[in-house]
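One structure is given below, encoded as structure tokens.
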Amino acid sequence: MDVFDEGGAPELQQFVLLAQSARGAACAALIRQVLAHPKVFVFGELLAVRNVRELAGTEHTPALALLNTFAYGTWSDLAPAMAATLDLPMALKLKKLTVVSMCASEEVIAYDVLQKAAAIDSVRELEDLLISLIYEGLLRGKLDQRSKHIKVAHAIARDVHPDELPRLAAKLQAWRDTNTGLMAALEGQARAYKDEQSEQAARKAALQQRVAQQMEKLRHSAPHMDMGGSSVGAQDGYDLDEDLPMVLHGEGRRLGGRVLKGKHPPGGSGRRAHEDFR
């Protein structure tokens, strides 16, 4: 897995450990080191350290504010006075974070929109930055130089501001409710299918039993269905086993108009056999 896939979270751990023992000016200096680090793009764990939070309301408040901007904000959230304190690596990182944030919410973004949001002067500079993001694993997409836009496939997630948690929780709950409804519908369809299969099996078994009973009855009655002392089966060429419809093999559900092979005996004995089966 690319080291950038997690936004540099593993690299951040060493700074989190150092921050637990750094106070005041040392903690503020540590923050600037993190912001300039080329592989760290997530800062939530550092913001959770007590010594970092205690910078609020002190002379080192600007360092904490800058860290919050890198964690949750974009270039447009940077105050002019604060922008003047950024060195080149820090400024480049915040521009990258700005572009990543925009790419996380859009599939196709025009170059000029990104240039304005990240304060990038030229298309060449923007394309170099986008290529760098793709190479570092922070972004996946396709640059269209002719149309001057980028088609985004993936962008890393940034830190979530605590104020955003209720909104995200509501979205997750709505997603869970939707999935629960879909699962219930699928389970209902599965039960209906099983019930239908059971009913069909029962109908088939009943039909098999009825056919077997009628075939047995005809076998017992066929030798007596003769006229003038001749046997229906022996003299007229009837074959019950061949001439009965094979219901179980899908050839019919009733005898129809043909029960026995050969000509019907005088007096309609074939009709009687047919009617007896029915």
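Scanning region 130-140 for residues that are open to solvent by less than 30 Å² (accessible area, probe 1.4 Å) and either at positive phi or in a strand (DSSP E or B) (or both) gives Gly137, Leu139. The residues of region 88-110 that are over 19 Å from Val42 (Cα atoms) and open to solvent by less than 70 Å² (accessible area, probe 1.4 Å), listed by number, are Ile109, Ala110.
The set of residues in region 92-130 that are out of contact with any Lys or Arg (no Cβ under 8 Å at 6 or more places or on another chain), more than 16 Å from Gly141 (Cβ to Cβ) and charged (D, E, K, R) comprises Lys93, Lys95, Lys116, Asp121, Arg124, Glu125.
Rundown of residues vs (1) over 30 Å from Gly44 (Cβ atoms); (2) modelled with pLDDT under 50; (3) under 55 Å from the mean Cα position of the chain (by Cα); (4) open to solvent by 90 Å² or more (accessible area, probe 1.4 Å), yes/no style:
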{"position": "Asn179", "(1), (2), (3), (4)": "no, no, yes, no"}
{"position": "Met225", "(1), (2), (3), (4)": "yes, no, no, no"}
{"position": "Val247", "(1), (2), (3), (4)": "yes, yes, yes, no"}
{"position": "Arg254", "(1), (2), (3), (4)": "yes, yes, yes, yes"}
{"position": "Asp276", "(1), (2), (3), (4)": "yes, yes, no, no"}
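The set of residues in region 183-205 being among the aliphatic types (A, V, I, L, M), open to solvent by less than 100 Å² (accessible area, probe 1.4 Å) and within 19 Å of the chain's Cα centre (by Cα) consists of Ala184, Ala185.
Here Gln33 passes the criteria (1) assigned to a helix (DSSP H, G or I); (2) of a type outside the set (Phe, Trp, Tyr); (3) open to solvent by less than 20 Å² (accessible area, probe 1.4 Å); (4) out of contact with any strand residue (DSSP E or B) (no Cβ under 7 Å at 6 or more places or on another chain) except the one numbered (3). Taken over region 157-174, the residue count meeting the criterion of being of a type in the set (D, E, K, R) and assigned to a loop (DSSP other than H, G, I, E, B) is 2. So, in region 143-165, of the ones that are charged (D, E, K, R) and free of Cβ contacts under 8 Å to residues at least 40 places away in the same chain, which residue ends up surrounded by the fewest Cβ atoms within 10 Å (Cβ to Cβ)? Across region 143-165, the extreme among qualifying residues is Arg146. For region 117-130, the criterion of being modelled with pLDDT of 90 or more, in contact with a Ser or Thr (Cβ under 7 Å, 6 or more places away or on another chain) and within 30 Å of Lys39 (Cβ to Cβ) is satisfied by at least one residue.
For region 143-152, which residues satisfy the criterion of being out of contact with any helix residue (DSSP H, G or I) (no Cβ under 8 Å at 6 or more places or on another chain) and either at pLDDT 95 or above or at positive phi (or both)? Listed by number, the list holds a single entry, Lys151. A residue that is part of a loop (DSSP other than H, G, I, E, B) and at positive phi occurs somewhere in region 57-77. Among the candidates Arg32, Arg23, Arg50, the residue that is modelled with pLDDT of 90 or more, within 20 Å of Leu97 (Cβ to Cβ) and not β-branched (Val, Ile, Thr) is uniquely Arg32.
The values are calculated or read from the model by the stated rules, or taken from the named source; none is laboratory data. This structure is a prediction, so every number in the text was calculated from the model and none was measured. All Cβ positions, even for glycine, are placed from backbone atoms using ideal geometry, and neighbour counts span all protein chains on display. Only protein heavy atoms, including side chains, enter the accessible area calculation; ligands, DNA and RNA are left aside. Shrake-Rupley method; radii C 1.70, N 1.55, O 1.52, S 1.80 Å.
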